[in-house]
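What follows is a single structure, written as structure tokens, with notes after it.
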Amino acid sequence: MKHAALVPAFVLVLLSVALVSCRSDPTLSVTSSLPRHGLRGKTLAIGGLTAPGTNIYPGQEEESIILVNAEHELRKHLKHSRVLSMAAVQQAVGHAPAKFSSGVPIILGSKLSPAFMRKARGRGIDCLLWIDLRLNSVDADTRQNTFTRTFRNSCSCGKVNGKSCGGGSCASGCSRSCGSYSTESENVVSKIARRTVGASYSLLDTATGHVVWQAESMLTRGNVRSNRSTTGVPVPPTTPLPPTESAIMLRMTHAALDRLPQ
């Protein structure tokens, strides 16, 4: 019977590779002029999302997911405030005007206009949450590592490696006299794709147009794909797709809106 025991160093190195795709906390910086319970009894809504260029804008489908997630987080956090759905806001106020890239008619989210702000105020909305994407970058690299596993060969009875063992268990009959160790090396080639997203979350007072609360956040997440071989260097795997903007921003949005005064 063979019992395999991984060498601790092997475990640690494997973990260092796996951590690329594990959860991590986003960076977060918050500034606010709101008092402790400044949003109690207020009516809030999601205003929109803006990106400065096509290289940062995630696309309309991802934009929609990001805004829906923000609405859910806002409603979940602000138990003593009224949070309107985006559908209700669009029905009552209309859509915020689209922002287009310069030169070509490509949508880059929405833009905040005075007219949209006035309409929101007229419909009883006290504050609008606006998201500005600042950064959306992707990078990838390849890692090659060799790991060693150690196995302990043990017996329960009879002979092992020419040595007689008693009829009992290995622990009592064979003990160390019949135990032996063997090692096995495994080569691992990994492709890692990372995405870094940075965003600003701003809460605007519709009466003044001023930002009364703002959170700056950034997070990097990655996906790993690996091939392994015990006989040589394996063929490198194909590079995985990086995490989507909405998947990364789900954690960013939760962390940011959790800091809103209730």
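The values are calculated or read from the model by the stated rules, or taken from the named source; none is laboratory data. All of these numbers come straight from a predicted model, not from anything done at the bench. Virtual Cβ from ideal backbone geometry, glycine too; neighbours counted across all protein chains shown. Heavy atoms of the whole protein, side chains included, go into the accessibility calculation; ligands, DNA and RNA do not. Shrake-Rupley method; radii C 1.70, N 1.55, O 1.52, S 1.80 Å.
Observations on the structure shown:
- Of all residues in segment 181-210, those that are surrounded by fewer than 16 Cβ atoms within 10 Å (Cβ to Cβ) and β-branched (Val, Ile, Thr) total 2.
- Considering only residues in segment 215-232 that are small (Gly, Ala, Ser) and open to solvent by 10 Å² or more (accessible area, probe 1.4 Å), the one that is modelled with the highest pLDDT turns out to be Ser226.
- Test result for Lys119, surrounded by fewer than 20 Cβ atoms within 10 Å (Cβ to Cβ), assigned to a helix (DSSP H, G or I) and touching a residue at least 12 places away in the same chain (Cβ under 8 Å): yes
- Residue in segment 233-256 that is surrounded by 21 or more Cβ atoms within 10 Å (Cβ to Cβ), outside any strand (DSSP E or B) and more than 12 Å from the chain's Cα centre (by Cα) present: yes
- The C-beta contact set for segment 88-100 (first residue within 15 Å of Arg118 (Cα to Cα), second residue open to solvent by 40 Å² or more (accessible area, probe 1.4 Å), distance under 6 angstrom, 6+ apart or interchain) comprises Ala92/Arg123; Val93/Lys119; Val93/Arg123; Pro97/Lys111.
- Boolean, Leu135 is part of a strand (DSSP E or B), within 17 Å of Pro58 (Cα to Cα) and among the hydrophobic types (A, V, I, L, M, F, W, C): yes
- Residue in segment 17-28 that is part of a loop (DSSP other than H, G, I, E, B), modelled with pLDDT of 95 or more, surrounded by 12 or more Cβ atoms within 10 Å (Cβ to Cβ) and among the small types (Gly, Ala, Ser) present: no
- Test set (1) part of a loop (DSSP other than H, G, I, E, B); (2) out of contact with any strand residue (DSSP E or B) (no Cβ under 6 Å at 6 or more places or on another chain) - Ala96 fails condition number: (2)
- Gly53 vs. criteria out of contact with any Lys or Arg (no Cβ under 9 Å at 6 or more places or on another chain), modelled with pLDDT under 95 and surrounded by fewer than 16 Cβ atoms within 10 Å (Cβ to Cβ): yes
- Residues that are in a loop (DSSP other than H, G, I, E, B) and either touching a residue at least 40 places away in the same chain (Cβ under 8 Å) or open to solvent by 60 Å² or more (accessible area, probe 1.4 Å) (or both) do not occur anywhere in segment 65-72.
- Residue ID - nearest to Leu44 (Cα to Cα), chosen from residues in segment 99-114 that are assigned to a loop (DSSP other than H, G, I, E, B) and either at pLDDT 95 or above or open to solvent by 40 Å² or more (accessible area, probe 1.4 Å) (or both): Leu112
- Failed item, numbered, when His80 is tested on (1) touching a Ser or Thr at 6+ places or on another chain (Cβ under 8 Å); (2) touching a residue at least 60 places away in the same chain (Cβ under 8 Å): (1)
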